[in-house]
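What follows is calculated from the coordinates using simple rules that are stated; it is not laboratory data. Worth saying up front: this structure is predicted, and the values here are computed from it rather than measured. All Cβ positions, even for glycine, are placed from backbone atoms using ideal geometry, and neighbour counts span all protein chains on display.
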Ligand SMILES: [Cu+2]
């Protein structure tokens with residue numbers, strides 16, 4: 001290949017070369033940032049996912065990495081081709097290609113991505129089963145039944161209500177314990193949550209557990225996970241649900257079973273809107289209380305949010 005430097009005869013060539021370089025430099029810079037974030041290099045590590053605490057989250061992480069590797073290969077190939085052809089084209093801007101159609105090329109770039117997507121879909125079956133289909137089971141009078149939920153999570157504009165099953169272990173009974181924006185759960189066992197919405201679409205997202213589930217009005221959902229050590233994690237709403245969507249944050253705290261049960265008993269003695277305050281009160285409580293004092297939108301005016 002031979003290329004010419006810009007001349008008076010071809011004044012647009014320099015600009016075309018500049019754009020070719022943009023196609024090369026932008027993906028390289030983005031990929032470098034992405035790679036450094038994945039490797040945990042500060043301060044870029046905050047762009048990556050936090051550590052995973054859910055046993056079922058490992059398969060999701062493997063799927064995440066594999067999907068990104070596939071996407072990286074596609075990115076390098078397509079951006080490389082884009083750079084190469086635009087650079088070459090800029091050197092012979094006046095030349096006109098006679099190729100309008102290439103059947104074999106189109107067959108290849110349709111079948112190869114289709115095969116890759118099918119392979120990814122098959123690869124994720126076990127993870128989907130573990131995290132979405134095969135709810136943990138318990139024995140009830142010698143019969144295996146789906147494990148009942150321990151907490152009912154009610155999403156609303158703009159916050160989370162948590163109804164913890166009381167000492168009877170059942171939901172929607174008189175001994176349920178209500179806590180707002182703080183979900184307390186036991187470690188070392190499978191936990192099932194029942195998700196409901198009081199108003200619009202929300203999404204229950206705990207990055208540290210790798211769980212994200214849409215919460216749909218009128219359609220209770222179930223979600224399960226297992227955490228092996230005490231930890232407190234961030235919880236957010238991942239569905240744009242209105243003006244205060246960004247304030248819809250909560251905490252999920254995993255404590256030993258004994259501490260969980262003691263907390264439930266203490267909580268039952270408190271007024272209905274109290275918190276599990278004796279369990280190492282979090283700093284976030286102040287912020288969460290403040291948030292509830294925020295003005296609420298007037299009824300009827302907020303329909304288009
Ligand atoms: Cu929301």
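Summary table
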| quantity | calculated |
| --- | --- |
| Cβ crowding within 10 Å averaged over residues, with 183-190, 64-71 ranked highest first | 183-190, 64-71 |
| Simple spin-label estimate for residue 234 and residue 201 in nanometres, 7 Å along Cα-Cβ | 2.4 nm |
| Using a Förster distance of 51 Å, the FRET efficiency for residue 129-residue 104 (Cβ separation, nearest 0.05) | 0.85 |
| Sorted by Cβ density within 10 Å, fewest first, the residues 109, 160 | 109, 160 |
| Stretch gain in nm, segment residue 141-residue 70, where the contour uses 0.36 nm per residue and the Cα spacing is subtracted | 20.8 nm |
| Order of 235, 15, 104, 248 under a 10 Å beta carbon neighbour criterion, fewest first | 104, 15, 235, 248 |
| Two-site FRET efficiency, residue 119 against residue 266, from Cβ-Cβ distance with R₀ of 45 Å, rounded to 0.05 | 0.30 |
| Approximate spin-label separation residue 78-residue 221, in nm, with each point projected 7 Å along Cα-to-Cβ | 2.8 nm |
| Spin-label model distance (nm) - residue 48 vs residue 35, 7 Å beyond Cα toward Cβ | 1.3 nm |
